[in-house]
Amino acid sequence: ERAIEAYQAEKKEPGTQNLRMVWNYSYLLYLLCMEDREPDKIRRFYEEALRYAPLNCDFDYVMGRYHIGKGDWELAVCHLEQAFALLEEGGDLHFGMMLVPNRMEAGEYLAIACFNGGQKEKCVRVCADFLKEEPFAMGILKVFLTAMKSVSAGAGQVLGFLGKLYDLSSLKDRLFVWKAAKEIGYEEAAQGLRTFFSPQELEALKGMGM
């Protein structure tokens with residue numbers, strides 16, 4: 001209710017865009033989506049918000065998350081890709097207050113939407129792009145491996161991809177990737193990764209029940 005009151009009060013004030021109004025639009029759109037209001041109402045408010053601040057990536061980020069929850073994978077991909085495109089374009093500092101601190105999570109949402117929407121090659125590319133930036137994003141790595149598993153990628157192909165993203169001579173890196181493969185049940189990849197462990201390391205993993 002406070003968000004609605006603030007939005008209505010600010011809307012009456014003439015002038016250019018301001019931080020508080022952009023935030024009101026973003027937060028109220030988020031509330032409408034969280035409360036699962038009528039789709040037409042959400043769409044109309046989204047379009048109104050865009051007219052006020054067309055460069056604000058948060059509106060598309062919120063809509064992307066909303067469509068993820070609805071299982072509308074194609075719409076989710078469109079909105080999340082638009083959100084990232086607007087973020088890349090830059091703009092005023094107050095744009096992206098929701099997306100910027102949740103950028104990696106949003107990348108995972110985009111990858112999931114691509115995968116569930118049947119765009120598995122795009123899913124792999126999205127995951128690879130974000131893993132280059134943050135290799136230890138476990139959620140994105142799991143989506144990446146799930147996509148590779150779904151297309152029956154062999155261990156050699158998977159290890160070739162992983163070798164470009166991780167230093168498999170590093171125990172930290174290979175243990176992280178091996179754990180992700182085990183957790184999603186990608187045994188072929190997990191077995192391939194075992195060849196990078198020394199006998200002593202394998203014995204230690206066995207002793208830890210891994």
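The values are calculated or read from the model by the stated rules, or taken from the named source; none is laboratory data. Here the structure is a predicted model, which means the values were calculated and not measured. Cβ sites come from the backbone with ideal geometry, for glycine too, and all protein chains shown count toward neighbours. These accessible areas exclude ligands, DNA and RNA; they are computed on the full protein's heavy atoms, side chains included. Shrake-Rupley method; radii C 1.70, N 1.55, O 1.52, S 1.80 Å.
Selection over segment 49-63 of residues that are in a helix (DSSP H, G or I) and either buried (at least 18 other Cβ atoms within 10 Å of the Cβ) or under 21 Å from the mean Cα position of the chain (by Cα) (or both) gives a count of 7.
Please work out if V151 is aliphatic (A, V, I, L, M) and open to solvent by 50 Å² or more (accessible area, probe 1.4 Å). In short, yes. Would you confirm whether any residue within segment 101-110 is without any contact (Cβ under 8 Å) to a residue 24 or more places away in the chain, under 23 Å from L19 (Cβ atoms) and either open to solvent by 30 Å² or more (accessible area, probe 1.4 Å) or assigned to a helix (DSSP H, G or I) (or both)? Taking every residue of segment 101-110 in turn, at least one turns out to be without any contact (Cβ under 8 Å) to a residue 24 or more places away in the chain, under 23 Å from L19 (Cβ atoms) and either open to solvent by 30 Å² or more (accessible area, probe 1.4 Å) or assigned to a helix (DSSP H, G or I) (or both).
Evaluated against (1) modelled with pLDDT under 95; (2) part of a helix (DSSP H, G or I); (3) surrounded by 12 or more Cβ atoms within 10 Å (Cβ to Cβ), Y66 falls short on exactly one condition, (1). The set of residues from segment 176-187 being assigned to a loop (DSSP other than H, G, I, E, B) and under 20 Å from the mean Cα position of the chain (by Cα) comprises just one member, I184. Within segment 119-126, not a single residue is surrounded by 21 or more Cβ atoms within 10 Å (Cβ to Cβ), charged (D, E, K, R) and in a helix (DSSP H, G or I). Inspect all residues belonging to segment 70-93 and state whether any of them is open to solvent by less than 70 Å² (accessible area, probe 1.4 Å) and modelled with pLDDT under 90. The answer is yes, given that some residue of segment 70-93 is open to solvent by less than 70 Å² (accessible area, probe 1.4 Å) and modelled with pLDDT under 90.
Counting only residues that are open to solvent by less than 20 Å² (accessible area, probe 1.4 Å) and either on the phi > 0 side of the Ramachandran plot or assigned to a helix (DSSP H, G or I) (or both), segment 156-175 holds 3 of them. When we screen Y25, Y30, Y46 for residues that are open to solvent by 50 Å² or more (accessible area, probe 1.4 Å) and assigned to a helix (DSSP H, G or I), the only hit is Y30. Only one entry in K132, K164, K122 is touching a Cys at 6+ places or on another chain (Cβ under 8 Å) and not hydrophobic (A, V, I, L, M, F, W, C), namely K122. A search for C-beta distances below 7 Å between a residue of segment 53-69 that is under 17 Å from A113 (Cβ atoms) and any residue that is open to solvent by 10 Å² or more (accessible area, probe 1.4 Å) and not in a helix (DSSP H, G or I), counting only pairs 6+ apart in sequence or on different chains, returns C57/F95; Y61/M98; V62/M98.
Working only within segment 129-148, note down all residues that are part of a helix (DSSP H, G or I) and surrounded by fewer than 17 Cβ atoms within 10 Å (Cβ to Cβ). Selection gives D129, K132, E133, M138.
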